[in-house]
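Scroll down for the structure; my scribbles are underneath it.
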Amino acid sequence: MPLSLDDFENDALSTLITYATFECLSPMFDAEWVKNGQIDAAINLLAEWAKSRQLGGSDVEIVRLEGRTPVLVITVDATNDDDATMVLYGHFDKQPPLGDWSEGLAPYQPVRRGDRLYARGVADDGYSTFSALLALEQLEMAGVAHSRCVVLIEASEESGSPDLDAYLDHLAQHLGRVELMICLDSSALTYDRLWVTTSLRGQFNVEVTVEVLTRGQHSGTSSGVVPSSFRILRQLMDRLEDSTTGRVMIDELYGPIPDEVVAAAEDVTLEFGDVTAREMPTVDGLELMGDTPTQRIVNRTWMPTLSVTGMGGIPSPEIAGNVLRPSTTATLSFRTPPNVDATRACAAVERALTTDVPSHARVSVRSHAADGWFTPALQPWLSQALDRASEAAFGRAASYSGEGGTIPFLASLAKRYPDAQFVATGVLGPDSNAHGIDEMLDLPTAVAVTNAVSSVMRAFSERNGTP
Ligand SMILES: [Zn+2]
């Protein structure tokens with residue numbers, strides 16, 4: 001029997017609602033997370049819930065490495081004779097509230113309206129622990145002989161998963177031969193089918209500082225003598241980006257775009273129209289980038305882009321004096337195509353910024369890079385399983401799409417387990433507002449995704465012939 005909304009309400013909802021009241025911010029947003037104890041409160045709650053479930057041969061453990069956020073590891077023994085492991089991944093750390101939520105909603109006071117639950121972290125990614133275990137329970141209740149499963153729920157994802165690699169090293173033996181990796185932290189274009197994410201862009205930040213003076217000078221005495229740090233920064237940025245078109249000009253940031261990516265983007269445009277532009281709160285009359293909706297989808301998922309996300313050394317306008325400022329700093333945030341080595345691309349950008357600097361100004365850079373990811377080709381059992389799973393849970397076949405964002409751990413998992421098959425899916429559909437105000441979990445979608453995941457795990461367990 002597939003899970004119903006009633007089952008989800010009876011088995012998981014009250015614990016999910018309690019979880020929603022915790023301010024378990026990701027460490028990047030709460031330097032005092034150890035002292036504040038919310039991460040611990042959340043992991044204890046999830047672990048207690050996991051222990052209360054009826055799974056044969058299961059072990060629930062909170063694993064802690066010194067100085068790192070804890071991870072929840074739930075291991076369920078195989079009931080078939082397969083020696084491979086399937087891993088289900090999620091996280092329970094949260095983004096900050098971001099701003100004032102709409103009337104009647106609040107980040108840590110969950111509210112249910114119809115079949116939607118509003119609170120920070122419910123969809124990104126609090127539902128994942130519940131979904132993972134209920135999917136497994138369903139197999140056991142149906143008497144399906146299943147492969148070994150490890151559910152791994154971490155608490156540093158919203159900070160870029162700085163702790164995850166250490167745990168993957170620590171747990172390498174325990175995880176064993178991982179052949180299927182299901183990530184429950186991705187998005188959905190609609191709520192009417194299973195959406196599988198096939199690629200993510202990489203990302204790197206370069207903080208560049210141009211210095212011309214050791215202290216600020218009266219602009220009346222220094223301008224015309226000392227070059228402006230802002231002008232030099234502009235010259236340097238002209239090496240990175242065509243300021244007319246926005247095209248990134250560093251070759252190392254480009255990779256070949258597979259034909260099927262363009263074909264899939266065309267399909268999405270045909271069915272849904274201009275999806276990438278639709279939800280953008282643009283000012284009236286703004287001309288968008290890309291000539292067509294399809295081009296915008298490809299731009300967002302397989303093209304490099306530059307956004308200036310921070311500036312330093314510049315006073316705000318109301319306190320701006322007539323000063324030639326000593327320096328200008330910019331944070332340059334690049335997104336890179338899924339098949340580009342972000343570290344190598346980042347090094348190329350640093351070279352462009354620091355070689356032959358105009359006027360011999362002093363330039364320094366600081367950077368951090370995370371690779372993108374694209375799914376290995378799906379084996380026939382998996383692509384069939386995804387379609388069957390989506391048909392059974394939603395009434396129509398699965399769809400595939402690339403994402404413009406970055407989930408750093410998928411790239412590191414893909415490197416660790418080059419032979420594993422990946423399914424990145426999730427509940428983050430229209431109006432789910434992950435990272436924004438009014439975050440929302442569509443409960444029927446959580447149930448359907450759970451059922452679809454259960455059916456994919458069954459197909460994995462039976463991939464070498466029906467037992
Ligand atoms: Zn997430």
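Any residue in segment 64-71 that is part of a loop (DSSP other than H, G, I, E, B), within 16 Å of the ligand (Cβ to nearest atom) and surrounded by 22 or more Cβ atoms within 10 Å (Cβ to Cβ)? Looking through segment 64-71, at least one residue is part of a loop (DSSP other than H, G, I, E, B), within 16 Å of the ligand (Cβ to nearest atom) and surrounded by 22 or more Cβ atoms within 10 Å (Cβ to Cβ).
Would it be correct to say that Val212 is buried (at least 21 other Cβ atoms within 10 Å of the Cβ) and more than 27 Å from Glu403 (Cα to Cα)? It is true that Val212 is buried (at least 21 other Cβ atoms within 10 Å of the Cβ) and more than 27 Å from Glu403 (Cα to Cα). Condition check: among the small types (Gly, Ala, Ser) and either assigned to a helix (DSSP H, G or I) or in contact with an Asp or Glu (Cβ under 8 Å, 6 or more places away or on another chain) (or both). Does Gly310 satisfy that? Spelling it out, Gly310 is indeed among the small types (Gly, Ala, Ser) and either assigned to a helix (DSSP H, G or I) or in contact with an Asp or Glu (Cβ under 8 Å, 6 or more places away or on another chain) (or both). Close contacts from segment 111-126, counting a first residue that is closer than 16 Å to Ala42 by Cβ and modelled with pLDDT of 95 or more and a second that is more than 16 Å from the ligand (Cβ to nearest atom) and polar (S, T, N, Q), with Cβ to Cβ under 8 Å and a gap of 6+ residues or different chains, come to Ala119/Thr21; Ala119/Gln109.
Restricted to strands (runs of 3 or more DSSP E) entirely inside segment 109-205, those with at least 1 residues that are polar (S, T, N, Q), within 16 Å of the ligand (Cβ to nearest atom) and closer than 30 Å to Ala348 by Cβ are 195-200.
On the given criteria, is Ser222 out of contact with any Pro (no Cβ under 7 Å at 6 or more places or on another chain) and closer than 15 Å to Ser327 by Cα? Yes, satisfied. Somewhere in segment 266-276, is a residue surrounded by fewer than 10 Cβ atoms within 10 Å (Cβ to Cβ) and either on the phi > 0 side of the Ramachandran plot or modelled with pLDDT of 95 or more (or both)? For segment 266-276, residues surrounded by fewer than 10 Cβ atoms within 10 Å (Cβ to Cβ) and either on the phi > 0 side of the Ramachandran plot or modelled with pLDDT of 95 or more (or both): absent. The residue of segment 79-95 that is nearest to the ligand (Cβ to nearest atom), among those that are under 15 Å from Val178 (Cα atoms) and β-branched (Val, Ile, Thr), is Val87. Can you confirm whether Arg177 is under 23 Å from the mean Cα position of the chain (by Cα) and either assigned by TED's automatic domain parsing to the domain that holds Met440 or within 25 Å of Ile17 (Cα to Cα) (or both)? So Arg177 does not fit the description; no. Of all residue pairs spaced 6 or more apart or on separate chains, none has beta-carbon atoms under 7 Å together with a first member in segment 396-412 that is assigned by TED's automatic domain parsing to the domain that holds Val423 and on the phi > 0 side of the Ramachandran plot and a second member that is polar (S, T, N, Q) and assigned to a strand (DSSP E or B). Of the residues making up segment 281-311, just one is of a type in the set (Val, Ile, Thr), buried (at least 17 other Cβ atoms within 10 Å of the Cβ) and closer than 17 Å to Asp242 by Cβ, namely Thr305. Residue pairs whose Cβ atoms lie under 9 Å apart, sitting 6 or more positions apart in sequence or on different chains, and linking a residue in segment 436-455 that is in contact (Cβ under 8 Å) with a residue 24 or more places away in the chain and in the same structural domain as Gln138 (by TED's automatic domain parsing) to a partner that is basic (Lys, Arg) and in a loop (DSSP other than H, G, I, E, B), are Glu439/Arg120; Ala448/Arg193.
Look at Asp251 and say whether it is loosely packed, with under 11 Cβ neighbours inside 10 Å and not aliphatic (A, V, I, L, M).
Working: loosely packed, with under 11 Cβ neighbours inside 10 Å: yes; not aliphatic (A, V, I, L, M): yes.
Here the answer is yes, as Asp251 does meet what is asked.
Restricting Gln54, Gln38 to those that are in contact (Cβ under 8 Å) with a residue 60 or more places away in the chain, in the same structural domain as Phe130 (by TED's automatic domain parsing) and either of a type in the set (D, E, K, R) or away from the ligand (no atom under 16 Å from the Cβ) (or both) reduces the list to Gln54.
Just a yes or no: is a residue in segment 416-423 of a type outside the set (Asp, Glu) and touching a Phe, Trp or Tyr at 6+ places or on another chain (Cβ under 6 Å)?
Within segment 416-423, the subset of a type outside the set (Asp, Glu) is 416-418, 420-423.
From what is left, the residues that are touching a Phe, Trp or Tyr at 6+ places or on another chain (Cβ under 6 Å) are none.
Taking every residue of segment 416-423 in turn, none turns out to be of a type outside the set (Asp, Glu) and touching a Phe, Trp or Tyr at 6+ places or on another chain (Cβ under 6 Å).
The values are calculated or read from the model by the stated rules, or taken from the named source; none is laboratory data. Just so you know, these numbers come straight off a predicted model, no measurement behind them. Neighbour counts are summed over all protein chains in view; Cβ atoms, including those assigned to glycine, are modelled from backbone coordinates with ideal geometry.
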